[in-house]
Every structure is written in C-alpha cells, then in structure tokens.
Amino acid sequence: MKRLAVYLNGERVGMLGDADEPVFTYEAGWLASAFAYPLSRQLPLRGDEFSGRVVRGFFGGLLPEAEPRERIAAILGISSGNDFAMLERIGGECAGAVSLLPENQAPPTSHGLRWLEPDELAAIIRELPRRPLMVGEEGLRLSLAGAQSKLPVVVAAEGDEQRIALPLGDSPSSHILKPEPARFPGLVANESWCLALARNVGLPAAEARACVIGQTPCLIVKRYDRQPTDEGGARRLHQEDFCQAMGLPPTRKYQQEGGPSLRDCFALIREWSSAPVLDILGFLDAVSFAAIIGNADAHAKNFSFLYANGTRRMAPLYDQVCTLAWPELSRSLSMKIGSAGSLAEVSPEHFKQLSAEAKLGWPMVRERLANLCMKITGFIQRAEIPGTPVEGAPADHVHQRAERMLRLLGR
C-alpha cells in the first residue's frame, strides 16, 4: 500500500494510505503532543484507523474541482478521480497548514522564491487556464480547492510597487492570485468590491485588491490562513471548510445536491466552534450579506473554520460575488434561507423561518438584518468603498436589494 506522510506546519501528524478505501492514521508522537489538534472534526485525535467517506471528505476537499482538476489530471497522466495520486503530485502547499509528501521523503527545509518579471508573470497568467496551478513546474507542488483558476504566490512591497514570486521548497505563499475567467467579464471588480463592502460594514472578510497583469484583470487576495512571525516570515494556520467538517466531498457542497443546509451549518458551529455564540452571529451576518448582495453561490465550501492559538473560529469571508451581474447564472440559492430557494424570493419572512431553524430569536435576527441593510445602503449612497474600482461594481443590484429588504422590514 502506497502512503503519504501528512504534515501540519512541517510536523508529521499522520499517514494517508492508498487502499481500496483511503485510510488515515495519526502518528503516536502527534497524539502524545500537548499541542496536538485534529485535522478535522471528522478525524478526532485517537489511535484508530479512519477510512472511507470521512477520509475522502477531508483530503479530497484540499484539491481543485471541475475543469482545473480535469486538466491537472490530463497533464499528470492520472485519473481525475484519484485523490491520492493527485495529492502525491501537487499536495505540497494546500489550503491552511496541510502538506503531503511520499512516506520516505523528508520535508523540504529550504525556503526559496522565484521572483517573476512582469512579462514572465503575464505569460503565466495566460497559461493558467490550460495549466492550472503551474502543475508540472519544477519545484512547485501547489494545491487549492475550487473550480476557478488561481495560483498561490508571495507578494512583497518594493517602494510603491509590489513584486510577485512563486514559493519554492517550504516557503509559504502569502497571497492567492485569481485571474479573471474570460466567460465572466467583470468578476475581479465585482469580487473586490463585494469583499471591500463587507469589510466596510464591519464584517471580517479577506483583504483583496484588483489589478491588471498583462491584459488580464486579476484579484490578489491576502491569505488569512497565514500568521506573521517575529522573524518576518509567515506561519501557516490550519483550516477546514464546512464540507470537510461534515465529512462531505466537494461534489456535495450544494444543498440541492445532498449538501448541507443552513440549519446543518448553524448546528455545526454550535458543536465545533470555540466561541459558538460569536460565530453563530457572524455566520448569520454572512448569510444575510450574501443574500443582500445577490450571491447565489454561498455554498458550504465557502465557509471555513480557522485553527489558531488553540481555538477553532469562523474564518473571514471569502469568494463573495454578486452573481446577479451575469444573467445566465442560476438564481437558485446554494443553501435555502427558510423555504426560499432563489434570490428573487428572499424576504424577511424567510429570515424569520431561518431564525427558528437556527434557534435564534426573530427580533434579534430582524434587527441585525435591518442594520446590515442600512449600513450597506449608506456606503453605496456615499460611494465610500475605498480602494475598489467603480467600473464593474455591482452597486445598483446590491443597493436595490438592500432597499427592498428594508421596505419589507418596515424601515
């Protein structure tokens, strides 16, 4: 049986085996450590062997999805459904603090960066749709979940300019570079604006900025799963998304395809968060924000727990987009709000239903929803969303939805 050693921040914590069913076992040394924590809610700290669904759910959730996954498999000459083979080839720099290496291969100790000149970076951006994550490039073993082309990079300031590098060896990336797909013009401006709006109305959200590389609009997102060190470097922080925490593969991220409901997500937070009261309110705000901005794609892999300083807390918001900007996209909600299954249906009555499902008081939910709508309309009316491009921003869609919700709330 082939095996991969599983590391968290360079410390070996377990072994992943490639059998008829994937198997995972924690290292005895990790279980004995006073600083040990589980890889996942589905993989609690114990000496037993884990197998099957819970192992596939966590480790499969580290890998790309859809077209990028198919292209990576074709380039590597492996089956697109073979999680183990793919992790063996690209599992060196995953989301959070996880990395995987062949059993007898020592983890890299070198830290290196390959600084990219503007022309070289532009060429990489053009190539990414055909060669996701620069797969096959010497010295790179990078993996990020999701269906959109993206690349982990290191960004450093030089005067007024910023330079971009590819991380080599054990160097952690500091940012994620997301080129705009040709089929979704305006996505970069849209996502940048939505994330900035979230931060400006007081919600924790990933920091991002829009730029143009070559002729391609790109979003550069600062990784929230990195923590600065006293030496000026960065330490990886472990994270798991809600699908991983529930033992579900990425193919089950949508409620209508057997994935989690909002009721399931609130129950998960109550059980798994180190500060459930705060994170339940934070998740309520996140669900409200997605509904107000017209984001139908707020699925279970777009919410995560971040493990830091001995705690498990909701991660900042990420992948926030007004999907209404593209009429061809489905209006169906990834997770229903009460009985509402589409963006057009959502009303205060559906949030009232949600409050009952989440075991929250409706007066409190109503007040938070109204306050969020008022903050959003206030920022849009004053055009006070610093650092974001106005062109391509979905301000009209969002403003209309926020005002409609306020009218229905009687405000």
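The values are calculated or read from the model by the stated rules, or taken from the named source; none is laboratory data. It should be emphasised that the depicted structure is a prediction, and the values quoted were computed from it without experimental measurement. Cβ placement follows ideal geometry from the backbone for every residue including glycine, while neighbour counts extend to all protein chains displayed.
Mind listing whichever residues of the range 1-44 are surrounded by fewer than 18 Cβ atoms within 10 Å (Cβ to Cβ), among the aliphatic types (A, V, I, L, M) and within 23 Å of Trp272 (Cβ to Cβ)?
Once the filter is applied, which keeps residues that are surrounded by fewer than 18 Cβ atoms within 10 Å (Cβ to Cβ), among the aliphatic types (A, V, I, L, M) and within 23 Å of Trp272 (Cβ to Cβ), the range 1-44 yields Leu31, Ala34, Ala36.
If you go through the range 68-126 one residue at a time, how many are among the basic types (Lys, Arg) and within 19 Å of Arg3 (Cα to Cα)?
1
Touching a helix residue (DSSP H, G or I) at 6+ places or on another chain (Cβ under 9 Å) and not in a helix (DSSP H, G or I): which single residue out of Glu231, Glu240 fits that description?
That would be Glu240, the only listed residue that is touching a helix residue (DSSP H, G or I) at 6+ places or on another chain (Cβ under 9 Å) and not in a helix (DSSP H, G or I).
What about Arg209, is it free of Cβ contacts under 8 Å to residues at least 24 places away in the same chain and under 29 Å from Pro327 (Cα atoms)? Full working, then the answer.
Numbers: free of Cβ contacts under 8 Å to residues at least 24 places away in the same chain: no; under 29 Å from Pro327 (Cα atoms): yes.
No, not satisfied.
Which one of the conditions (1) buried (at least 19 other Cβ atoms within 10 Å of the Cβ); (2) part of a loop (DSSP other than H, G, I, E, B); (3) not hydrophobic (A, V, I, L, M, F, W, C) does Ser99 fail to meet, given that it meets all the rest?
Every listed condition holds for Ser99 apart from (2).
Restricting to the range 18-50, name every residue that is modelled with pLDDT of 95 or more and part of a strand (DSSP E or B).
Scanning the range 18-50 gives Val23, Phe24, Thr25, Tyr26, Ser40, Leu43, Phe50.
In the range 356-407, which residues are at pLDDT 95 or above, farther than 21 Å from Ile280 by Cα and exposed (fewer than 13 other Cβ atoms within 10 Å of the Cβ)?
Once the filter is applied, which keeps residues that are at pLDDT 95 or above, farther than 21 Å from Ile280 by Cα and exposed (fewer than 13 other Cβ atoms within 10 Å of the Cβ), the range 356-407 yields only Arg407.
Restricting to the range 48-89, what's the tally of residues that are over 20 Å from Thr251 (Cα atoms), touching a strand residue (DSSP E or B) at 6+ places or on another chain (Cβ under 7 Å) and not charged (D, E, K, R)?
Result for the range 48-89: 1.
Quick one: Val154 ticks every box in (1) closer than 24 Å to Gly233 by Cβ; (2) modelled with pLDDT under 90 bar one, so which box is it?
Single failed check for Val154: (2).
Just one of (1) modelled with pLDDT of 95 or more; (2) surrounded by fewer than 22 Cβ atoms within 10 Å (Cβ to Cβ); (3) part of a loop (DSSP other than H, G, I, E, B) trips up Ser330, so point out which.
(1)
One line per residue, one yes/no per condition, for (1) more than 29 Å from Val98 (Cα to Cα); (2) more than 21 Å from the chain's Cα centre (by Cα); (3) aliphatic (A, V, I, L, M):
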{"position": "Leu166", "(1), (2), (3)": "no, no, yes"}
{"position": "Ser174", "(1), (2), (3)": "no, no, no"}
{"position": "Phe184", "(1), (2), (3)": "yes, no, no"}
{"position": "Trp193", "(1), (2), (3)": "yes, no, no"}
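If a residue has to be part of a loop (DSSP other than H, G, I, E, B) and without any contact (Cβ under 8 Å) to a residue 40 or more places away in the chain to count, how many in the range 186-200 make the cut?
0
Select, from Leu187, Leu248, the only residue that is closer than 28 Å to Gly57 by Cα and of a type in the set (A, V, I, L, M, F, W, C).
Leu248 is the lone residue from the list that is closer than 28 Å to Gly57 by Cα and of a type in the set (A, V, I, L, M, F, W, C).
Given the structure, is Ile269 hydrophobic (A, V, I, L, M, F, W, C) and under 28 Å from His399 (Cβ atoms)?
Against the criterion (hydrophobic (A, V, I, L, M, F, W, C) and under 28 Å from His399 (Cβ atoms)), Ile269 does not qualify.
Does the range 209-220 include one or more residues that are in a helix (DSSP H, G or I) and under 16 Å from the mean Cα position of the chain (by Cα)?
No; the residues of the range 209-220 include none that is in a helix (DSSP H, G or I) and under 16 Å from the mean Cα position of the chain (by Cα).
For (1) modelled with pLDDT under 95; (2) surrounded by fewer than 18 Cβ atoms within 10 Å (Cβ to Cβ), each residue gets a yes or a no:
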site	(1), (2)
Ala205	no, no
Ile213	yes, no
Pro228	yes, yes
Arg235	yes, yes
Ser261	no, yes
Asp264	no, yes
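Somewhere in the range 111-118, is a residue of a type in the set (Asp, Glu), modelled with pLDDT of 85 or more and in the same structural domain as Lys178 (by TED's automatic domain parsing)?
In the first step, residues of the range 111-118 are kept if they are of a type in the set (Asp, Glu); the result is 117.
Retained after the next criterion (residues that are modelled with pLDDT of 85 or more): 117.
With in the same structural domain as Lys178 (by TED's automatic domain parsing) added as a condition, the list becomes 117.
For the range 111-118, residues of a type in the set (Asp, Glu), modelled with pLDDT of 85 or more and in the same structural domain as Lys178 (by TED's automatic domain parsing): present.
If Asn9 passes every condition in (1) closer than 27 Å to Lys150 by Cα; (2) modelled with pLDDT of 90 or more but one, which one does it miss?
(2)
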